[in-house]
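See structure below.
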Amino acid sequence: MYKTDLATPDEIKDWNGIVSLCSYSEALHTLEWREALSASFNQLKPIYFVIKDDNMEIAGGVPCFIFQPIPGIKMILSMPWDLPGGPLIFPGTNIKDVTLSVIDALEKISRETGAFEVTIKLPVNCEPEIINNLELEGYTKNSSYFTHILDINKGYEGVWNDYNKRVRGAVRKAQKAGVVVRETENESEMFDFYNLYLSAMSHFGSTPKPYKLLRYLQISPIARLVVAQLENHIIGGLLFLHFNSYIRLWCEVSDANFLNYRPNNAVIDYIIKWACEQGYSQVDFGASPIERKGLVAFKEEWRAQRKGFYTFTKIFSSRKRKIWILSEPTLRRLYGTIQKFRIRI
């Protein structure tokens with residue numbers, strides 16, 4: 001049998017050591033990610049659990065958050081946005097018993113806090129048995145999400161040779177044009193990057209992440225900001241996350257006036273090369289909206305493979321859920337406006 005309890009202060013201090021023992025853990029599951037979100041969002045309260053067996057030996061961890069966007073409306077999220085969380089289970093455990101233990105802990109927190117639903121987004125590499133157990137326990141599965149994973153175990157030369165020829169041509173074009181790709185922890189360069197990011201989010205009608213979060217991550221040990229520069233002008237960049245064996249390409253932007261210089265290709269190639277040199281095994285290109293066929297095709301030109309992942313939801317109050325559904329579009333528009341206003345100030 002297993003028991004899932006809130007992590008003690010000592011277990012939180014050693015959180016990265018705990019989750020690193022799960023082969024599919026990544027930067028999203030680290031203590032630094034928890035602290036970055038806590039510092040940037042008043043609406044998110046972290047609740048991190050540890051799973052223990054009968055001998056009180058740790059068998060895994062469960063990072064999640066209580067999300068309260070407006071007074072009286074709360075939900076339990078394994079991870080905000082379209083990002084994977086869920087149980088991070090050590091090898092050799094009984095998956096069914098662990099899953100039942102985790103469900104009991106999350107539903108107990110839901111009842112205690114008055115949350116109207118629990119949502120669990122699972123990593124692409126998690127144990128398939130977790131999926132079956134969640135369905136048996138009354139969780140509704142949404143399988144419409146997918147990401148793209150590039151295996152880089154063959155090393156950079158092998159990965160480079162596998163690229164579609166258009167990718168290699170674009171990288172060479174950026175180099176010949178004088179585009180310089182480099183990492184930076186400079187705050188003024190993050191500011192330039194963030195302005196490009198706001199423009200991109202506005203163009204696609206997406207809600208931007210706050211500047212404070214991106215800056216926090218830029219100087220943290222789990223993230224790096226890579227920019228593409230032409231002469232003295234930053235024309236593109238990407239903030240990526242790294243932990244254990246996993247690289248996640250997260251916030252990517254480019255100046256629409258300089259797309260012909262192929263800054264995105266140059267930056268992604270730089271990160272893949274860095275990941276190969278540092279011994280990482282996978283690069284996750286991130287979730288793609290299914291309607292953005294051009295973005296999907298771009299990722300597949302790098303030979304990244306499409307991988308589906310699942311979201312499971314259990315609703316405890318249909319009335320509160322309806323209130324949230326009706327409120328969410330307005331809150332997203334308001335939040336985006338606030339981020340633009342803050343950066344202008």
Flagged in region 189-244 as of a type in the set (Gly, Ala, Ser) and modelled with pLDDT of 95 or more, in numbering order, are Ser220, Ala223, Ala228, Gly236, Gly237
If we ask which residues in region 27-81 are among the acidic types (Asp, Glu) and within 17 Å of Trp250 (Cβ to Cβ), their number turns out to be 2
Picked from region 163-173 (must be within 13 Å of Lys299 (Cα to Cα) and surrounded by fewer than 19 Cβ atoms within 10 Å (Cβ to Cβ)), the residue farthest from the chain's Cα centre (by Cα) is Arg166
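Answer with yes or no whether Val227 is out of contact with any Cys (no Cβ under 7 Å at 6 or more places or on another chain), in a strand (DSSP E or B) and either small (Gly, Ala, Ser) or crowded, with 17+ Cβ neighbours inside 10 Å (or both). Please lay out each step first, then the result.
Working: out of contact with any Cys (no Cβ under 7 Å at 6 or more places or on another chain): yes; in a strand (DSSP E or B): yes; either small (Gly, Ala, Ser) or crowded, with 17+ Cβ neighbours inside 10 Å (or both): yes.
Considered against the rule, which asks whether it is out of contact with any Cys (no Cβ under 7 Å at 6 or more places or on another chain), in a strand (DSSP E or B) and either small (Gly, Ala, Ser) or crowded, with 17+ Cβ neighbours inside 10 Å (or both), Val227 comes out as yes.
For region 274-327, which positions are β-branched (Val, Ile, Thr) and outside any helix (DSSP H, G or I)?
Scanning region 274-327 gives Val283, Ile290, Thr311, Thr313, Ile315.
For region 267-295, enumerate the residues that are hydrophobic (A, V, I, L, M, F, W, C) and touching a residue at least 60 places away in the same chain (Cβ under 8 Å).
Val267, Ile272, Ala275, Cys276, Val283, Phe285, Ala287, Ile290 - these are the residues of region 267-295 that are hydrophobic (A, V, I, L, M, F, W, C) and touching a residue at least 60 places away in the same chain (Cβ under 8 Å).
Would you mind stating whether Ile234 is assigned to a helix (DSSP H, G or I) and crowded, with 17+ Cβ neighbours inside 10 Å? I'd like the intermediate steps shown before the answer.
Details: assigned to a helix (DSSP H, G or I): no; crowded, with 17+ Cβ neighbours inside 10 Å: yes.
So Ile234 does not fit the description; no.
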The correct count of residues that are in contact (Cβ under 8 Å) with a residue 60 or more places away in the chain and surrounded by fewer than 20 Cβ atoms within 10 Å (Cβ to Cβ) in region 245-266 is 1
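Got at least one residue in region 153-162 being polar (S, T, N, Q), free of Cβ contacts under 8 Å to residues at least 60 places away in the same chain and surrounded by fewer than 14 Cβ atoms within 10 Å (Cβ to Cβ)? First the steps, then the outcome.
First, the residues of region 153-162 that are polar (S, T, N, Q): 153, 161.
Right, trim to free of Cβ contacts under 8 Å to residues at least 60 places away in the same chain and you get 161.
Now restrict to residues that are surrounded by fewer than 14 Cβ atoms within 10 Å (Cβ to Cβ): 161.
Yes, region 153-162 contains at least one residue that is polar (S, T, N, Q), free of Cβ contacts under 8 Å to residues at least 60 places away in the same chain and surrounded by fewer than 14 Cβ atoms within 10 Å (Cβ to Cβ).
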Taking region 129-168 and keeping only residues that are farther than 28 Å from Glu291 by Cβ and assigned by TED's automatic domain parsing to the domain that holds Pro91, one is left with Glu129, Ile130, Asn132, Asn133, Leu136, Glu137, Gly138
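Being exposed (fewer than 14 other Cβ atoms within 10 Å of the Cβ) and touching a Phe, Trp or Tyr at 6+ places or on another chain (Cβ under 9 Å) is the requirement here; does Gly178 meet it? Quick ask: steps written out before the conclusion?
Working: exposed (fewer than 14 other Cβ atoms within 10 Å of the Cβ): yes; touching a Phe, Trp or Tyr at 6+ places or on another chain (Cβ under 9 Å): yes.
It is true that Gly178 is exposed (fewer than 14 other Cβ atoms within 10 Å of the Cβ) and touching a Phe, Trp or Tyr at 6+ places or on another chain (Cβ under 9 Å).
The values are calculated or read from the model by the stated rules, or taken from the named source; none is laboratory data. All figures in this text were calculated on a predicted structure; none of them were measured in a lab. Counting neighbours? That spans all protein chains shown, and the Cβs are built from the backbone with ideal geometry, glycine included.
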